Each structure stands twice: as structure tokens, then as C-alpha cells.
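For reference, the structure is listed below as C-alpha cells.
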Amino acid sequence: MFTGLIREVGRVLSIDRKGTGASLFVECGAVIEDAKPGDSIAVDGACVTVESLDMGRFSAFLSSETLTRTTLGHVKPGDEVNLEAALRQGDRLGGHMVQGHVEGVGRVRVFKRTGRAAELVVEMPPNLSQYVIPKGSIALAGISLTVAGLGEDTVKAAVIPATLDGSTMRSWQPGKKINVETDMIGRYIVAYLKGLHPKGEALSVDKLKEMGF
């Protein structure tokens, strides 16, 4: 589990393809303090398992699933990535519960600086908007954000200076592709409600009352 609060911005050293997978090497510092092989780290919001550690870097194996479903399949040496170590028992939950299970890749439609802050609009991957609500939570490239508004296929967020300064968002531009993970509580609720009524039957307020809600 993660919180979506970025610990540091790392830099990709190399990505070595091996058959259908790849080994990713990332230069970093704070995120690997007290880390060991087998620990989990979120890289731009995608949970990976540490294979090896060295002074100021770590490596992780990327499966074909990770390479095809996340932006990690397109990183190159020199790219900056958001890094967060997995939660430990007793850690503060300052963002929201993030699994590091990327559901799709979105695209930045608007990124507008407003003084020290910014306005962000992201085009969502197909079928993910149904899990997002205004003032709910969403993780974009591993960053925990509060949903400020929803369009037909977009999510809007207001970005504070601390988030801009402490993540790769500081250099985002329209068109950039980013990993998207919706709030897992919202996903479970939608899946549960869908399972309560037959396909094709509308889910109305009256129907929810009949089911005891």
C-alpha cells in the first residue's frame, strides 16, 4: 500500500529488455533508506519489487503486463520518475490508500500555472471515469490528488505548490501520458452495486431503497 505522497523524484539510469520483460534501474536516495530486496516501491504510481540495491540506485523487474499497461514501457535513460516506498505499520496516511495497481494511461489535456499553483485537466482512459467523484481521490503518476471537477472523459485537479515542487509534475506539458489509478473504495462500491442488479436494469434511487440503502 502507498499514500500517493511522493518521497522523491528519481532518474531512470537504464531499462534493459529481456524477452517480454525488462530490468529497470533507477537513481534515487531517500526512497531506498532501510530498503531491502523484495520491498515494494511505486514508480510513477506503478508498484514494482526491488531486485537489487546499490549506493544511490535500485533495480526492479518489469513484467510484460507492467510494460504494456503503464508508462514504464516507454521510459528512457534520463527520465524523471515519482518514487514512493510502501507504507509501514504505524506510518501516517497523509494522502489516500493507493495500491500501485495502474488501471490505465491518461493524457494531460491542460496544465496551466496559476502563480505558484497549477490547474490540471487529464483525459481519462476509457471506462475509468465511472469510478471518480468530485472531491474524491485519484492517483496520477503516483501523485494523490483531489478531484476538483469532472467532464465527460476528463478529470480536473487543483495542484498546490508542494506537489509541483516535489514531483515530476513541475515539468508536465499537455500531451504527456501518465499512469492512472482510481480510488479503490469507489471501484469496490461500483463493482458491488453492479452485482446487485441484473444487466440492463437501471440502478435508481427507488431500486437502492428496495435493496436496503
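Would you check if there is a residue in the stretch 160-176 being assigned to a strand (DSSP E or B) and either surrounded by fewer than 19 Cβ atoms within 10 Å (Cβ to Cβ) or in contact (Cβ under 8 Å) with a residue 12 or more places away in the chain (or both)? Checked the stretch 160-176: no residue is assigned to a strand (DSSP E or B) and either surrounded by fewer than 19 Cβ atoms within 10 Å (Cβ to Cβ) or in contact (Cβ under 8 Å) with a residue 12 or more places away in the chain (or both).
Number of residues in the stretch 114-129 that are modelled with pLDDT of 95 or more and charged (D, E, K, R) equals 2. Determine whether LEU87 is closer than 18 Å to ILE6 by Cα and in contact with a Cys (Cβ under 8 Å, 6 or more places away or on another chain). No, not satisfied.
In this structure, does LEU150 turn out to be touching a Lys or Arg at 6+ places or on another chain (Cβ under 8 Å), surrounded by fewer than 19 Cβ atoms within 10 Å (Cβ to Cβ) and more than 16 Å from GLY45 (Cα to Cα)? Explain how you work it out, then say what you get.
Numbers: touching a Lys or Arg at 6+ places or on another chain (Cβ under 8 Å): yes; surrounded by fewer than 19 Cβ atoms within 10 Å (Cβ to Cβ): yes; more than 16 Å from GLY45 (Cα to Cα): yes.
Yes: the conditions hold for LEU150.
I'm checking my understanding of the structure. Among residues of the stretch 70-98 that are among the charged types (D, E, K, R) and touching a strand residue (DSSP E or B) at 6+ places or on another chain (Cβ under 7 Å), which one is surrounded by the most Cβ atoms within 10 Å (Cβ to Cβ)? I'd like the intermediate steps shown before the answer.
Taking the stretch 70-98 first, the residues among the charged types (D, E, K, R) are 76, 79-80, 84, 88, 91-92.
If we keep only those that are touching a strand residue (DSSP E or B) at 6+ places or on another chain (Cβ under 7 Å) as well, we get 76, 79-80, 84.
Working: LYS76: 8, ASP79: 17, GLU80: 16, GLU84: 28.
Checked the stretch 70-98; the qualifying residue surrounded by the most Cβ atoms within 10 Å (Cβ to Cβ) is GLU84.
Given the condition surrounded by 15 or more Cβ atoms within 10 Å (Cβ to Cβ), under 24 Å from VAL159 (Cα atoms), touching a residue at least 40 places away in the same chain (Cβ under 8 Å) and not assigned by TED's automatic domain parsing to the domain that holds ALA141, answer yes or no: does some residue in the stretch 46-59 qualify? Looking for residues that are surrounded by 15 or more Cβ atoms within 10 Å (Cβ to Cβ), under 24 Å from VAL159 (Cα atoms), touching a residue at least 40 places away in the same chain (Cβ under 8 Å) and not assigned by TED's automatic domain parsing to the domain that holds ALA141, one finds at least one in the stretch 46-59, hence yes.
Restricting the stretch 72-102 to residues that are modelled with pLDDT of 95 or more and of a type in the set (D, E, K, R) leaves a set whose member that is farthest from ASP183 (Cα to Cα) is LYS76.
When the residues of the stretch 123-147 are filtered to those that are of a type in the set (Ser, Thr, Tyr) and not in a strand (DSSP E or B), the one that is surrounded by the fewest Cβ atoms within 10 Å (Cβ to Cβ) is SER129.
THR20 satisfies every condition listed in (1) within 15 Å of ILE178 (Cβ to Cβ); (2) among the hydroxyl-bearing types (Ser, Thr, Tyr); (3) modelled with pLDDT under 95 except (1).
Contact annotation: residue pairs with Cβ atoms under 6 Å, 6 or more positions apart or on different chains, pairing a residue in the stretch 124-151 that is over 22 Å from GLY166 (Cα atoms) with a partner that is at pLDDT below 90 and surrounded by 15 or more Cβ atoms within 10 Å (Cβ to Cβ), are TYR131/GLY186; TYR131/ARG187.
The values are calculated or read from the model by the stated rules, or taken from the named source; none is laboratory data. What you are looking at is a predicted structure, and each value in this text was computed from that prediction instead of being measured. Cβ coordinates were reconstructed from backbone atoms using ideal geometry, including for glycine residues, and neighbour counts include every protein chain displayed.
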